[in-house]
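**Student:** Below is a structure I'd like to ask you about.
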Ligand code: SAM
């Protein structure tokens, strides 16, 4: 791998005697990771289920409580458990920011640069169905993938927006308890997995990203509540985009200070010779020669002031024309903001019945849905269902499904509710029964091709 010359010089200066080890690490195959959605299943139960179903061996990522290394060839994005939202696939280093940012039940959390949702899905899971998550990305097209990933994870308290951070700051001054900035950056830490990043780096190096990172930090300062926590992360080694960016921010904002983060063996910090105000307890570097992951930087800061938690507020049923939603914390969408997701979209009210949506299916369980068909993973109909095919039922299954309580007040002339298709107790989507046939109602845009 031929590195850009200036980058190589800077890394030699940064790492000195460690540079050969870094250089060698670029020829080592990267580690691949899986992170369990603990809002759906505990890590312990997931491991038992995974083993029982003959899954590829998983080795813990030592610094991520619900993260595991997976063999590359395992191709886990086609696995039905992925489509049931049991896990997210992510580079182990990239799991670190959402692990390090402490999220408490009831928090109002903002992920400012969230697409496609690697960190937002974990922040949402950490909320365990409480509080509020705003997941924003300036790119509306990238925010679509973010919405899908949050829906897959069964998010009930998420809002997805595609906005300029300054616009959010105008509408939500000092509103959020926790803010994550996973900033766009020159991507020096990703050269091993995405060699094309080197070409982008030659075209747009650290100097091109530093101004937008500064703006993001300025907006975040306005959006954060007194006493709130700000986590800034990049996947680059550039001091300009990392510690110097934080140093400049702290100089402009004396109301912010370093907040100690959890320490793990292998985390690194910037050498003192750079002469910046840094703090090894709060600013973490991850290098591929010291840990099994790609390059990453993160800094945890606290805004001064007393932090008073929001009192919990009830979910608000809300409708927009025929569309029905549940709004967490009774939080109404704000006019003028570009939303792609507003709480939990339940479905569309039609004349004869409610057409429940995929987002609703992903939040349902056997306990809160009247008619479920739970297929073992080994049943060939699981993959057929994910491929958007119609399923055939046995006589016995059809009988059982038609005997299930409808969940409707008696005497009402409504159609039978859709069947929730599940695997191993986890939701995949809805289907509509007609005799011995189940018509597929899973979101067609989620159809798997293999
Ligand atoms: N956090 C994401 C994850 O874990 O999946 C990855 C985020 S990626 C490093 C940076 C994101 O910042 C990109 O999706 C990009 O569209 C977005 N972005 C770039 N400039 C932005 C801005 N000014 N405001 C908000 N988002 C921005």
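**Student:** Can you spot a residue in region 57-75 that is assigned to a helix (DSSP H, G or I), within 16 Å of the ligand (Cβ to nearest atom) and over 14 Å from the mean Cα position of the chain (by Cα)?
**Tutor:** Scanning region 57-75, I find no residue that is assigned to a helix (DSSP H, G or I), within 16 Å of the ligand (Cβ to nearest atom) and over 14 Å from the mean Cα position of the chain (by Cα), so the answer is no.
**Student:** Checking residue 87 against (1) away from the ligand (no atom under 16 Å from the Cβ); (2) more than 27 Å from residue 260 (Cα to Cα); (3) buried (at least 22 other Cβ atoms within 10 Å of the Cβ), which single condition isn't satisfied?
**Tutor:** Every listed condition holds for residue 87 apart from (1).
**Student:** A follow-up question, please. Within region 397-413, does at least one residue satisfy the condition of being assigned to a strand (DSSP E or B) and either at pLDDT below 95 or in contact with a strand residue (DSSP E or B) (Cβ under 7 Å, 6 or more places away or on another chain) (or both)? Reasoning before the result, please.
**Tutor:** Quick first cut of region 397-413, residues assigned to a strand (DSSP E or B) only: none.
The answer is no; no qualifying residue exists.
A quick yes/no check of all residues on (1) buried (at least 24 other Cβ atoms within 10 Å of the Cβ); (2) in contact with a strand residue (DSSP E or B) (Cβ under 8 Å, 6 or more places away or on another chain):
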residue: 170; (1), (2): no, no
residue: 180; (1), (2): yes, yes
residue: 191; (1), (2): no, no
residue: 194; (1), (2): no, no
residue: 197; (1), (2): no, no
residue: 211; (1), (2): no, no
residue: 215; (1), (2): no, no
residue: 227; (1), (2): no, yes
residue: 233; (1), (2): yes, yes
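**Student:** Looking at 351, 384, can you tell me which residue is part of a loop (DSSP other than H, G, I, E, B) and over 24 Å from the mean Cα position of the chain (by Cα)? I'd like the intermediate steps shown before the answer.
**Tutor:** Numbers: 384 fails: part of a loop (DSSP other than H, G, I, E, B).
Checking each option against the conditions leaves just 351.
**Student:** Within region 199-209, how many residues are within 15 Å of the ligand (Cβ to nearest atom) and surrounded by 19 or more Cβ atoms within 10 Å (Cβ to Cβ)?
**Tutor:** Qualifying residue count for the region: 3.
**Student:** I'd like to know if region 26-44 contains one or more residues that are in a helix (DSSP H, G or I) and either crowded, with 18+ Cβ neighbours inside 10 Å or modelled with pLDDT of 95 or more (or both).
**Tutor:** Yes, some residue in region 26-44 is in a helix (DSSP H, G or I) and either crowded, with 18+ Cβ neighbours inside 10 Å or modelled with pLDDT of 95 or more (or both).
**Student:** A follow-up question, please. Tell me, which residue of region 293-316 that is touching a strand residue (DSSP E or B) at 6+ places or on another chain (Cβ under 6 Å) and more than 30 Å from residue 25 (Cα to Cα) is surrounded by the most Cβ atoms within 10 Å (Cβ to Cβ)?
**Tutor:** That would be 301.
**Student:** Could you check how many residues of region 234-292 are part of a strand (DSSP E or B) and either within 29 Å of residue 29 (Cβ to Cβ) or without any contact (Cβ under 8 Å) to a residue 24 or more places away in the chain (or both)?
**Tutor:** The total comes to 6.
**Student:** Residue pairs, Cβ under 6 Å, 6 or more apart or interchain, first in region 170-195 and under 30 Å from residue 104 (Cα atoms) and modelled with pLDDT under 95, second within 14 Å of the ligand (Cβ to nearest atom) and assigned to a loop (DSSP other than H, G, I, E, B). List them.
**Tutor:** none
**Student:** Among (1) in a loop (DSSP other than H, G, I, E, B); (2) under 24 Å from the mean Cα position of the chain (by Cα); (3) crowded, with 20+ Cβ neighbours inside 10 Å, which single condition is residue 334 missing?
**Tutor:** (3)
The values are calculated or read from the model by the stated rules, or taken from the named source; none is laboratory data. Given the structure is predicted, the values throughout are model-derived calculations rather than measurements. Don't worry about glycine lacking a Cβ; one is built from the backbone with ideal geometry, like all the others, and counts go over all protein chains shown.
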